[in-house]
Amino acid sequence: MSVNAAAVLSIENPPAVILGAAHGYTLSGDQAYINAELEVLDAARAESSEWALQLWAAELPYEGDAPAGVKVAELPLGSLRGGIEHVLTTNGYAFARPPAGSREQVMRLILVSGTDGHFDHIHDVARYPRPERFLLPCLLDNVGYRFTDDAVELTIGEIRNPREPDNLSGTLALELWALPEPYAGGDFAGVALAGVMLDAIPGQGQRRDLCLVAQTKPVPPGRWSLVLMLREWTCAGYVTRDYVNFSQPYVREIQPDHIPAGTVAEPVVETAPVGDVVGDVVSELAVEDVAEPVLEAAPVVDVVAEPVLQAAQAKSAPKKRQKQVKPTPQPVAVNTASEAELTAIKGIDKKVAQAIIAKRPFATLDELLQVKGIGNKRLDRLRSCLIV
């Protein structure tokens, strides 16, 4: 399923504000730094609306100026005040959620307006010539599933963290979902069937030959596309990093009230060698974590997977597991947080938390660079988790 954002957002003609000559973005982990000069053409419209800069990604090949794909980051700007032909300079950090998978993506910066935080009017679009390939935890080799009476067996050839050696992943989860359509790397809505929690993987590390068993939720009647997702815990909750669509649809008919004696259900089995993911990215309008209550998983067991299941082609895609969906964490106030609250943030250990408390108060987050153990790189990763 693919939805073009242009079908949802209206293009303003003439625009009230346009992008200036200077604009760009930088991605670092789960942070996006966005900057742009804005030229005001209609001062009244600029001041009466709310504005935002949005960074979008769409799979190659992609042509045209209409925004499509996955919204990676959004930087709210509020109302814009300035006379006609007045140039405003804007910049800031925003949480980044790259599209799942490892394909190259065309990046676009979109200037939008709206009200009450809902931006539905496009005023300008800038396309960047260099595509991005995001380094995300990924699934490799054969993956598969096998249903038994009340459980599902998941087999994975390899899970890899391709990031730098010092870049530990967040806690990982494998989740098996039933969706109305094959998953395409963006937001989704469906039925969570099963899930398994996994430990974090260090950069350049991997886990191989996994055979995991989890209790499963009954599949509702209907025709479903099953997808296994690999998800990672971030400051904004769990985010899908990779996935595998299984080519064979799963069909469950309404069961009769009476089942003849001696009828035995055969286990459902399917595998998918990791290959190219099929389909366009799904629109921002679907709800990413429209999940059913999370299922409790059986203990994770690392064993060499035996060749069970019939083959089917797809790309490095994530496994789906019913994980414990945690509420999206709110930024922590660095000047009032306790040591326990600070150490709960990924990237802050006990010594760093104690050093932060000793140096308080801070006027800006940049002053955290004075704390021993916090450099520019670590601070960039912490910006979305902290406030002054």
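The values are calculated or read from the model by the stated rules, or taken from the named source; none is laboratory data. All values derive from a computational prediction rather than experimental measurement. In this analysis, Cβ positions are derived from the backbone assuming ideal geometry, glycine residues included, and neighbour counts consider all displayed protein chains.
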Exclusive hit being surrounded by 24 or more Cβ atoms within 10 Å (Cβ to Cβ), part of a strand (DSSP E or B) and under 20 Å from the mean Cα position of the chain (by Cα), set Ala178, Ala173, Ala184: Ala173
Given (1) in a loop (DSSP other than H, G, I, E, B); (2) under 30 Å from Glu39 (Cα atoms); (3) touching a strand residue (DSSP E or B) at 6+ places or on another chain (Cβ under 6 Å); (4) not aliphatic (A, V, I, L, M), index of the condition Arg81 fails: (3)
Test for Leu135: is it surrounded by fewer than 21 Cβ atoms within 10 Å (Cβ to Cβ), within 23 Å of the chain's Cα centre (by Cα) and not in a strand (DSSP E or B): yes
Test: residue in region 223-231 that is modelled with pLDDT under 90 and of a type in the set (Gly, Ala, Ser): no
All positions within region 357-388 that are outside any helix (DSSP H, G or I), crowded, with 16+ Cβ neighbours inside 10 Å and without any contact (Cβ under 8 Å) to a residue 40 or more places away in the chain: Phe362, Val371, Ile374
Extreme residue, nearest to the chain's Cα centre (by Cα), among residues of region 109-129 that are assigned to a loop (DSSP other than H, G, I, E, B) and farther than 27 Å from Gly237 by Cβ: Tyr128
Answer residue from region 220-239, given it is free of Cβ contacts under 8 Å to residues at least 60 places away in the same chain and assigned to a loop (DSSP other than H, G, I, E, B) and is farthest from Pro162 (Cα to Cα) among those: Pro221
Matching option when the condition is of a type in the set (Val, Ile, Thr), within 22 Å of the chain's Cα centre (by Cα) and in the same structural domain as Ser247 (by the TED database), among Val143, Val106: Val143
Unmet requirement for Glu153, which otherwise passes all of (1) assigned by the TED database to the domain that holds Gln54; (2) assigned to a strand (DSSP E or B): (1)
One residue from Ser384, Ser338 being at pLDDT 50 or above and under 21 Å from Trp233 (Cα atoms): Ser384
Single residue of region 239-258 satisfying the filter (more than 30 Å from Val72 (Cβ to Cβ) and surrounded by 10 or more Cβ atoms within 10 Å (Cβ to Cβ)) that is modelled with the lowest pLDDT: Arg252
Complete set of residues in region 115-164 that are touching a Ser or Thr at 6+ places or on another chain (Cβ under 8 Å), among the β-branched types (Val, Ile, Thr) and within 30 Å of Leu77 (Cβ to Cβ): Thr115, Ile122
Subset of region 153-168 (residues that are in contact with a strand residue (DSSP E or B) (Cβ under 6 Å, 6 or more places away or on another chain) and not basic (Lys, Arg)): Glu153, Leu154, Thr155, Ile156, Gly157, Glu158, Ile159
